[in-house]
């Protein structure tokens, strides 16, 4: 599709310049984080995403908290640019609307509980039999087969099952990650799998079933600890904010009591750190510190050497020294500070997105280049688009009216 082409909504009016997924329709029976993450990225790239919610309260993630102008932070984050319709999928009318929606869809995404899609007549085998070009993506906790297929799955629980919690935290206290990595991993792999399936359909003309589990997605992210444990004999040790397998790599206290994070990735950088920061080039040849494995084994001695050298300098002075020496470093920012990061502001990454309660600040997604805007549409209210979507389908409020 050429860049000169325009997106057109169901009413036929011209919209923004065409984006990569302009003309693609996605129907999502989704909730919580994983599936909404995938479909929000599809919406940002120009797809029309029709989100099917429960009548009444809708997606239960809407009520996780009320921090964003009285709205849920999770929901505002994950649901911009979608059209919301409210349906009772167990009713005859709901089933009829879904039948008509799927007849017009390119992609169907769902992350219902184990077996729920099949009970609603939305199983992949049936849908592909009726709609051979449809891409059917199902996200589950543990996959549709195996002993865990019917087990309920939430982000923290999958973090436990995949070993993430066992390698996160301090030696005495395992910890979950501060963001829902199992959900995010599943959502992003679903997003990329849908893009690949759409590309493949251009060549084959056929849709396909994408089976994505949170367990599979997060286990993939655990690759290095698994190799480390399988071939090293022991798992990486929990090391707080320090890297478990690389040293020095983590936080170090400066003379003003603040912390600077620095990272040494190879022996050349270690030699530079010893000469330019620690003031002792001979340390690079000390057998206790000669290789990364040696430095990990003597991590506490390395940290003591570094902090002794930094004791007389402020965090700003240390940052300047590290930059001059070419040693990778970072400040420890809190969430509010990170949201106003000078690099984000300098690169014009901040936008405004409409919500039912008013505009909110949002960051441009990272998929397109600097000169091309993603869609970043409004966050919908529950059922906000039910009437317009039913009209587009040729359906009224009652199932007996003409179908598409």
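The values are calculated or read from the model by the stated rules, or taken from the named source; none is laboratory data. None of these values were measured; they are calculated from a predicted model. Virtual Cβ from ideal backbone geometry, glycine too; neighbours counted across all protein chains shown.
Within the option set 290, 244, 271, being part of a helix (DSSP H, G or I) and either touching a helix residue (DSSP H, G or I) at 6+ places or on another chain (Cβ under 9 Å) or surrounded by fewer than 13 Cβ atoms within 10 Å (Cβ to Cβ) (or both) holds for one residue only, 271.
Give segment 221-241 a look and list any residue that's farther than 23 Å from residue 189 by Cβ and not in a helix (DSSP H, G or I), or say none. If the condition is that a residue be farther than 23 Å from residue 189 by Cβ and not in a helix (DSSP H, G or I), then 233, 234, 235, 236, 237, 238, 239, 240, 241 are the ones that fit.
Among the residues of segment 51-61, those that are crowded, with 21+ Cβ neighbours inside 10 Å and outside any loop (DSSP other than H, G, I, E, B) comprise 51, 52, 53. Given the criteria over 28 Å from residue 31 (Cα atoms) and touching a helix residue (DSSP H, G or I) at 6+ places or on another chain (Cβ under 7 Å), does residue 251 qualify? For residue 251, the condition - over 28 Å from residue 31 (Cα atoms) and touching a helix residue (DSSP H, G or I) at 6+ places or on another chain (Cβ under 7 Å) - is not met. For segment 177-191, a residue qualifies if it is assigned to a loop (DSSP other than H, G, I, E, B), surrounded by 15 or more Cβ atoms within 10 Å (Cβ to Cβ) and either modelled with pLDDT of 95 or more or under 13 Å from the mean Cα position of the chain (by Cα) (or both), and exactly one does: 180.
Within the option set 150, 124, being modelled with pLDDT of 95 or more and closer than 29 Å to residue 216 by Cβ holds for one residue only, 124. For segment 157-171, the tally of residues that are closer than 16 Å to residue 217 by Cα and not in a helix (DSSP H, G or I) stands at 2. Name the helices (runs of 4 or more DSSP H) wholly within segment 64-156 that hold at least 3 residues that are more than 25 Å from the chain's Cα centre (by Cα), loosely packed, with under 14 Cβ neighbours inside 10 Å and without any contact (Cβ under 8 Å) to a residue 60 or more places away in the chain? In segment 64-156, the matching helices (runs of 4 or more DSSP H) lie at 124-130. The condition (being over 16 Å from residue 241 (Cα atoms) and modelled with pLDDT of 90 or more) is satisfied by just one residue among 284, 263: 284. Looking only at segment 34-50, which residues are without any contact (Cβ under 8 Å) to a residue 60 or more places away in the chain and either in contact with a strand residue (DSSP E or B) (Cβ under 6 Å, 6 or more places away or on another chain) or assigned to a strand (DSSP E or B) (or both)? Matches in segment 34-50: 48, 49.
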